[in-house]
Amino acid sequence: MRIGPHEQERPTAFEPLRRLLVVVDGRTGARAAIGEAVTLARAHRAALWVAAGPPIGDDGPRVVAAMTREALRAARQAGVLAVEAVCETRPTAASLCRTAAEAGCDLIVVAVAPGSAVGRLVQGSLVPRLITASTVPVLVVPDAVKGSPRRIRRPRRVWPVAAAPVPPARAFQNVFV
Amino acid sequence: MYRRILIVVDQRQVSRAAWQEGLRLAAAHESEVTFFTALPRFPLPSAEAPYYDAGSQRDFDQAAKCNADRLLAAARVAADKALVVSRGVAWTGEDDVAGIVDAARRRRCELIVVASEGRNAVMRLLTGSVIPGLITASPIPVLVCKAAARGQPAGRATVVPLPPRAARKRAAAAVARARRAPA
C-alpha cells in the first residue's frame, strides 16, 4: 500500500528554497519569469534577488532598469523580501551564475523567448549559456503568450523560515556582489 | 503552487539530480509527481553504420521495458521515502520531446524537471538532448538540474546597509563601472 502525503505526518527535513535569482532582461516576456519567481519565493518564504540581464537594443538599459524596479515592486507587494543584485561586470551568463553562486541562490529563474533552439544559439540567447554555466538549477519560464498567465495562489501551508538567518529588510537596501 | 510535477528520468547518473530536486519541490508543494521515461528505439540496420547485433526487436523491446520498469520503481521508492504521491510512465515513440510535452499536458503538470549533464549548447543539440526541444515546445516552466544541485553555502555576497543617498551613489558608481568594463 502506498503512503500518501495526507496519511502520514510530513517530515521536516525537506529543504525549502532560501534565495532565488531572477534574471530580468528588457523583453516583456521577462514578466512571466518575474511572476513565477515571486510565486515561488512567496511559497518558500525565500529572498528574491533581481539581477539585470544583458539589455536588448539601444533603449535596453532604461527598459531593464524599469523592469527591475517593476520586479522589486511586485515582490514587495507579494510580501517577498527582494533585493537588487548589482554586478560589477557586464551581465553575462558567467557573471550572473557567479552572482548566484556567491549569493548562495538555490535557483535561477529566467524567461525564454519563443523561437527554435538553433535560433537561440545564433542570436546568442542567454538561456543556453545559463544552463551550461550554472551550478544551480535553472528554471526556464516560457513567455506568457504561449499559455494563459499563471495565477498566483497562496500556499496551503506556511513553511518555517529557512535555517539560515536572513537579515532584516532594512539591511537589504543595496547588495553588492 | 505546483500541484503536479513531471520528472524526466533515464539511465544516466545525472538523472538522479532531477529526481532529488523534483522530489524536494514536490515535498514542499505537496505535489503529485509523474516519473516519465522514454524507451529506447530499436536500432535499424544501416549500411554505413558499424555492425551491431541488437538481437530481435521483440527481445530489445522486452529488455527496454524491463529496464524502464526497474528505473521507475526505483524512482517511486525515492518518492515514497519523501512521502510524495507518484506514478510512472514509460513511453515509446519517435519524438521524445513531443512525448514529454504530451504527457505533461495529459496529466496537467505545471512543471517539468529534467537533468542536464552540463555540456554546452551546441553539444546538447548534436547529441540529441531533449532540453533545447523542451525549452522550445513546452508551454509550462522547465527546471534544468545538474548533478551539483542546490545546497551550496552562501558565498561572498556583501550586504551593505547604507543611508539611501549613499546607497544610490554607490549603486550608480557600480553600474557605471559595469558599463565601462569590457564584455
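So here's what we get for this one:
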read-out	value
Lone unmet requirement of (1) away from every other protein chain (no Cβ under 14 Å); (2) free of Cβ contacts under 8 Å to residues at least 12 places away in the same chain for B:Thr92	(2)
Those residues of the range B:1-37 which are of a type in the set (A, V, I, L, M, F, W, C) and in a strand (DSSP E or B), in sequence order	B:Ile5, B:Leu6, B:Ile7, B:Val8, B:Val33, B:Phe35, B:Phe36
Qualifying residue in the range A:35-47 (condition: out of contact with any Pro (no Cβ under 7 Å at 6 or more places or on another chain) and within 16 Å of A:Val127 (Cβ to Cβ))	yes
Matching residues in the range B:52-88 - criterion: being closer than 30 Å to A:Ser116 by Cβ and surrounded by fewer than 19 Cβ atoms within 10 Å (Cβ to Cβ)	B:Ala64
The lone exception for A:Ala94 - which of (1) within 20 Å of A:Arg18 (Cβ to Cβ); (2) in a helix (DSSP H, G or I); (3) modelled with pLDDT of 85 or more it fails	(1)
Top-ranked residue of the range A:76-91 - restricted to ones that are modelled with pLDDT of 85 or more and not in a helix (DSSP H, G or I), ranked as surrounded by the most Cβ atoms within 10 Å (Cβ to Cβ)	A:Ala82
Tally, over the range A:11-25, of residues that are modelled with pLDDT under 80 and either closer than 17 Å to A:Val86 by Cβ or surrounded by 24 or more Cβ atoms within 10 Å (Cβ to Cβ) (or both)	0
Criterion violated by A:Pro160 - all others in (1) at pLDDT 85 or above; (2) more than 7 Å from every other protein chain (Cβ to nearest Cβ) satisfied	(1)
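The values are calculated or read from the model by the stated rules, or taken from the named source; none is laboratory data. Here the structure is a predicted model, which means the values were calculated and not measured. Methodologically, a virtual Cβ is constructed for each residue, glycine included, from the backbone with ideal geometry; neighbour enumeration extends over all protein chains shown.
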